[in-house]
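> A single structure is presented below for examination.
The values are calculated or read from the model by the stated rules, or taken from the named source; none is laboratory data. Keep in mind it's a predicted model, so treat the numbers as computed, not measured. Please note: Cβ atoms are built from the backbone with ideal geometry, for glycine as well, and neighbour counts cover all protein chains shown.
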There are 2 protein chains.
Amino acid sequence: MRLKRYNKTLDYSYTFGMYPTIELLRAKPDKVVQIITHSKLSDEEGSRIIDTLTAKHSIALECNDRLIHKLSPKESCYVVGVFNKYYPKINQENHVVLVNPTNSGNLGTIIRSMLAFNFNNLVIIRPAADIFHPDTIRASMGALFGINFELFDDINRYLEVFSIHNQYLFMTEGQDTLDGVSFSPPYSLVFGSEPSGLPPRYSELGNTVRIAQSGRVDSLNLAISASIVFHHLYSRYH
Amino acid sequence: MRLKRYNKTLDYSYTFGMYPTIELLRAKPDKVVQIITHSKLSDEEGSRIIDTLTAKHSIALECNDRLIHKLSPKESCYVVGVFNKYYPKINQENHVVLVNPTNSGNLGTIIRSMLAFNFNNLVIIRPAADIFHPDTIRASMGALFGINFELFDDINRYLEVFSIHNQYLFMTEGQDTLDGVSFSPPYSLVFGSEPSGLPPRYSELGNTVRIAQSGRVDSLNLAISASIVFHHLYSRYH
């Protein structure tokens, strides 16, 4: 298999760096095509884990500096995982719904926070940042491999399939503050895009909620807003 | 004045884009050297605000495509603010203390969240990401111009000067959870660096606090952790 630099039309993608690669091997060994290491790799503990996991799952392991240099934009990347893209299904638990997220870093950071606060199901309404982009995976620190996700072209299609979920829509003009809402499971936590949030028509879909704040900035960063909500629910209902 | 591409040794810096530039003009007009616009600028409302504020404060306003192209790494930047760096003092209110933050984006995002939740004083322990880097300012969405900040080379020097502040140290192995702590003002919320958090010896400086989480990821992103704490304090004690 002749590996190309990542672009979203490929049916495989990459983990760059030790941490996400180990998470890939732990959570999705059946999706791994091969692991590539660099001769400068000096992380002994990490190397031992990589050796153990590749041997256990009979995964090809190759030291190839030139190939890493070709695939990774960063000079200091010494481990690369190659894996086949996969499309898990979400289940009937609580959902996180991102409508048109545009930034890979935010998307990955949200996935990392989801796993930290036990949210396992992510819905993405397209168009959206590429969930398999190596930048998303890196920002997630490999947490992507621990969650379910599903892509929809239209929020209405999602609402048809998961009609029992109670919708909570996070909007700067939301009716209730986070502290004032009683969340009834199973629920969907719905967040809009970075530049513009949720369009006003979304307020018809369910309960609108705002995060109380000073009003001295226009809004919070998307990954920050989402993570504040996850933490609130985790610490209150756990 | 012949403007150079940004580097941290300059005694001036830049805001790139409409939003941070307007925040600069609103909050720190006396620091502004000049405003540069691009002929492709089509944001009418933004242009009107820029015109009004530069006229009000007698600030030079120049349309110069070539200069913007030279200064800004992004193609789509149509407004640049040039301002002199300044070093405000922090006051005796509550403090946010970042020990060796390494990432400009995180630093800016934390500053944006500080303003959203009414934290006005930031302490940075060096070495640290450059608070005046245009990437920091952009991630802050201009919130940098709304806060006080002060740089220290050593946490002990800071503790000498602000000895009445109660220290709360956020560590993954902290003794109390965020919900279980009663914060006594004036307080300092102390966060470590992205890769490694606070060194264990910091636990001697005050109360150690952790953010309750699932244990399924190693840690949260720094800007996420800090913002969760700010929101918790704002919504509980506001």
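> Could we say that B:Leu220 is facing another protein chain (nearest Cβ under 9 Å), surrounded by 18 or more Cβ atoms within 10 Å (Cβ to Cβ) and over 19 Å from B:Ile124 (Cα atoms) here?
yes
> Name the residues in the range B:93-130 that are of a type in the set (Phe, Trp, Tyr) and either touching a strand residue (DSSP E or B) at 6+ places or on another chain (Cβ under 8 Å) or not assigned by TED's automatic domain parsing to the domain that holds B:Pro195 (or both), would you?
B:Phe119, the sole residue that qualifies.
> Considering only residues that are within 12 Å of another protein chain (Cβ to nearest Cβ) and closer than 10 Å to B:Leu107 by Cα, look in the range B:126-143 and name the one that is nearest to the chain's Cα centre (by Cα).
Across the range B:126-143, the extreme among qualifying residues is B:Ser140.
> Which residues, counting only those in the range B:195-216, are over 30 Å from A:Val217 (Cα atoms) and within 12 Å of chain A (Cβ to nearest Cβ)?
B:Ser214, B:Gly215, B:Arg216
> Could you check how many residues of the range A:4-40 are out of contact with any strand residue (DSSP E or B) (no Cβ under 7 Å at 6 or more places or on another chain) and over 14 Å from A:His69 (Cα atoms)?
Going through the range A:4-40 one residue at a time, the tally reaches 12.
Yes/no matrix, rows are residues, columns are (1) in a loop (DSSP other than H, G, I, E, B); (2) within 23 Å of the chain's Cα centre (by Cα); (3) on the phi > 0 side of the Ramachandran plot; (4) not polar (S, T, N, Q):
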| residue | (1), (2), (3), (4) |
| --- | --- |
| A:Tyr14 | no, yes, no, yes |
| A:Leu24 | no, yes, no, yes |
| A:Asp30 | no, yes, no, yes |
| A:Ile36 | no, no, no, yes |
| A:Ser39 | yes, no, no, no |
| A:Glu62 | no, no, no, yes |
| A:Phe83 | no, yes, no, yes |
| A:Gln92 | yes, yes, no, no |
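> Quickly run through the range B:1-42 and pick out the residues that are surrounded by fewer than 14 Cβ atoms within 10 Å (Cβ to Cβ) and either within 14 Å of another protein chain (Cβ to nearest Cβ) or closer than 19 Å to A:Pro195 by Cα (or both).
Scanning the range B:1-42 gives B:Arg26, B:Ser42.
> When the range A:147-173 is examined, which residues are found to be crowded, with 19+ Cβ neighbours inside 10 Å and within 14 Å of another protein chain (Cβ to nearest Cβ)?
Across the range A:147-173, the qualifying residues are A:Ile147, A:Phe170.
> Here is a follow-up. Is it the case, given these coordinates, that B:Asn106 is assigned to a helix (DSSP H, G or I), within 11 Å of chain A (Cβ to nearest Cβ) and at pLDDT 95 or above?
yes
> Would you tally the residues in the range B:81-96 being among the β-branched types (Val, Ile, Thr) and either buried (at least 24 other Cβ atoms within 10 Å of the Cβ) or within 14 Å of another protein chain (Cβ to nearest Cβ) (or both)?
Qualifying residue count for the region: 1.
> Just for the range B:109-130: of the residues that are of a type in the set (Gly, Ala, Ser) and not in a loop (DSSP other than H, G, I, E, B), which one is nearest to B:Val190 (Cα to Cα)? Please lay out each step first, then the result.
Restricting attention to the range B:109-130, the residues satisfying the condition of being of a type in the set (Gly, Ala, Ser) are B:113, B:116, B:128-129.
So of that shortlist, the ones also not in a loop (DSSP other than H, G, I, E, B) come out as B:113, B:116.
Values: B:Ser113: 15, B:Ala116: 18 Å.
Restricting to residues being of a type in the set (Gly, Ala, Ser) and not in a loop (DSSP other than H, G, I, E, B), the top hit is B:Ser113.
> Of a type outside the set (Ser, Thr, Tyr), over 23 Å from A:Ala143 (Cα atoms) and assigned to a loop (DSSP other than H, G, I, E, B): is that true of A:Lys4 in this structure?
Considered against the rule, which asks whether it is of a type outside the set (Ser, Thr, Tyr), over 23 Å from A:Ala143 (Cα atoms) and assigned to a loop (DSSP other than H, G, I, E, B), A:Lys4 comes out as yes.
Quick grid of which residues meet (1) under 29 Å from A:Thr9 (Cα atoms); (2) at pLDDT 95 or above:
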site	(1), (2)
A:Ala128	yes, yes
A:His165	no, yes
A:Leu189	no, yes
A:Val209	no, yes
A:Tyr237	no, no
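> While we're on this one: Within the set of pairs 6+ apart or on separate chains, which have a first residue in the range B:67-80 that is buried (at least 22 other Cβ atoms within 10 Å of the Cβ), a second that is of a type in the set (Phe, Trp, Tyr) and part of a strand (DSSP E or B), and C-beta atoms under 8 Å apart?
B:Cys77/B:Phe16; B:Val79/B:Phe16; B:Val80/B:Tyr14; B:Val80/B:Phe16
> Also, I was wondering about something else. For a quick check of your reading: which helices (runs of 4 or more DSSP H) sit entirely within the range A:131-238 and have at least 3 residues that are in contact (Cβ under 8 Å) with a residue 60 or more places away in the chain?
It comes to A:134-139, A:222-237.
> Considering every residue within the range B:151-161, establish whether at least one is aromatic (Phe, Trp, Tyr) and within 9 Å of the chain's Cα centre (by Cα). Outline the logic, then answer.
Of the residues in the range B:151-161, the ones aromatic (Phe, Trp, Tyr) are B:152, B:158.
Then drop every residue that is not within 9 Å of the chain's Cα centre (by Cα), which leaves none.
Scanning the range B:151-161 turns up no residue that is aromatic (Phe, Trp, Tyr) and within 9 Å of the chain's Cα centre (by Cα).
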